Amino acid sequence: MQFTLLQDRYSDLLNRYTGPAKKIIVSYHGEMDQDRVSMLSYTAEHQLDTEGARRGSIKKIFNILIELLQNVLLHSASPEYGKPFYFVLAKNMEDYVAICANIVSNESAKKIKTTLEQIKKMNEKQLKSHYMEVLSNDQYSSKGGAGLGLITVALKCDNNFTFNCITLDDNVSLFELTAIIPDK
Amino acid sequence: MEKLIIKETLNNPRVILDPFKKRYEISGKSFPENTKAFYQPVMDWLKDLPTPSQEKIRLSIILDYISSSSVISIKQLLTKIKEQNEHGADIEVLWHYDPTDADIKEIGEAFEKVIGIKLQFVSKLV
């Protein structure tokens, strides 16, 4: 199934991050699989290293990318929709911007929205304590860790992220997360 | 005790659990697609350890990246190790970390708090 909105937003992002003091480091639009997770994260790591990004920033970005990309792999809507996604890692002035979007069920979109709205209100101390609380809880889903990945993303970008859930039809939504990581 | 060897790939660590060479190690980057399935043989190996045991096992965990889903699987492995030690096994976990990167050490410390296991922290030479 084709989602033109995914393609349109991806094209918009490529335009948005092309120009003076901006640069696309890695970008991709297509179907997700585990090889794509490895390929995109290692390519990003290599490109960041080549362009002289700080080691601390590279590590944070690598962490965020794996969590975002594995979320696409594990939590995309359903087999009938496939796992279409886009991913853009760009530099904007002094910040790195990681954007990842995929198709999720409307039910998942609702849950992610609630989880992220809660996370967004937390300071670093509260985030760390929430991480410990989730880690202590043994009620994990078969696919992962009850939101541990999203807390990890929030911790790595100092909670500097935004997200969008756009309902596409009765079944699915487009979910997009943008994390901003200063190169410091 | 059987030997368990899993080769390292781009997204899963190398596993060596070799009682013949007395070498016990999990090393590399951990972000397999299905962490539960990846770590299941390690879990089974730990479950099959004879207890009480005469032999000390020093398991080195040398990971430089651990995804959030791997964190959960490794927590389950360490919980199993703690249980086996309570049943008479003698497994010591050496948790290696890079002193220039706070993440891995912090994950080890979180495991100590949550599981109540004692890890031996080993700083990598840099």
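Yes or no, residue by residue, for (1) among the charged types (D, E, K, R); (2) in contact with a His (Cβ under 6 Å, 6 or more places away or on another chain); (3) part of a helix (DSSP H, G or I):
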position	(1), (2), (3)
B:Glu2	yes, no, no
B:Ile5	no, no, no
B:Glu8	yes, no, no
B:Ile16	no, no, no
B:Phe20	no, no, no
B:Glu33	yes, no, no
B:Lys36	yes, no, yes
Tally the residues that are surrounded by 17 or more Cβ atoms within 10 Å (Cβ to Cβ), within 30 Å of B:Thr100 (Cβ to Cβ) and modelled with pLDDT of 95 or more, restricting the search to segment B:33-64.
-> 9
Given the structure, is B:Pro50 in contact with a Phe, Trp or Tyr (Cβ under 6 Å, 6 or more places away or on another chain), of a type outside the set (Ser, Thr, Tyr) and in a loop (DSSP other than H, G, I, E, B)?
-> no
Any residue at all in segment B:76-97 that is aromatic (Phe, Trp, Tyr) and touching a helix residue (DSSP H, G or I) at 6+ places or on another chain (Cβ under 8 Å)?
-> yes
Scan segment A:44-73 for residues that are under 13 Å from the mean Cα position of the chain (by Cα) and among the hydrophobic types (A, V, I, L, M, F, W, C) and jot them down.
-> A:Ile61, A:Phe62, A:Ile64, A:Leu65, A:Ile66, A:Leu68, A:Leu69, A:Val72, A:Leu73
Considering each of B:Lys29, B:Lys56, B:Lys36, B:Lys80 in turn, give the residue that is charged (D, E, K, R) and more than 14 Å from chain A (Cβ to nearest Cβ).
-> B:Lys56
What pairs come up if the first residue lies in segment A:1-18 and is part of a helix (DSSP H, G or I), the second is modelled with pLDDT of 95 or more and acidic (Asp, Glu), and their beta carbons are under 8 Å apart, counting only those six or more places apart or on different chains?
-> A:Arg9/A:Glu176
Candidates A:Glu80, A:Glu133, A:Glu117 - the one that is of a type outside the set (A, V, I, L, M, F, W, C) and modelled with pLDDT of 95 or more | A:Glu117
Considering every residue within segment B:79-90, establish whether at least one is among the aliphatic types (A, V, I, L, M) and more than 24 Å from A:Ser38 (Cβ to Cβ).
-> yes
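Quick grid of which residues meet (1) more than 16 Å from B:Ser68 (Cα to Cα); (2) within 14 Å of another protein chain (Cβ to nearest Cβ); (3) not in a helix (DSSP H, G or I):
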position	(1), (2), (3)
A:Asp35	yes, yes, no
A:Ser41	no, yes, no
A:His46	yes, yes, no
A:Asn63	no, yes, no
A:Leu69	no, yes, no
A:Phe87	yes, no, yes
A:Val97	yes, no, yes
A:Glu107	yes, no, no
A:Lys128	no, yes, no
Candidates B:Gly108, B:Gly88, B:Gly116, filtered to the one that is of a type outside the set (Val, Ile, Thr) and more than 14 Å from chain A (Cβ to nearest Cβ) | B:Gly88
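The values are calculated or read from the model by the stated rules, or taken from the named source; none is laboratory data. Please read all numbers here as calculations on a predicted model, not as lab measurements. Note that we place each Cβ from the backbone using ideal geometry, even for glycine, and neighbour counts take in every protein chain shown.
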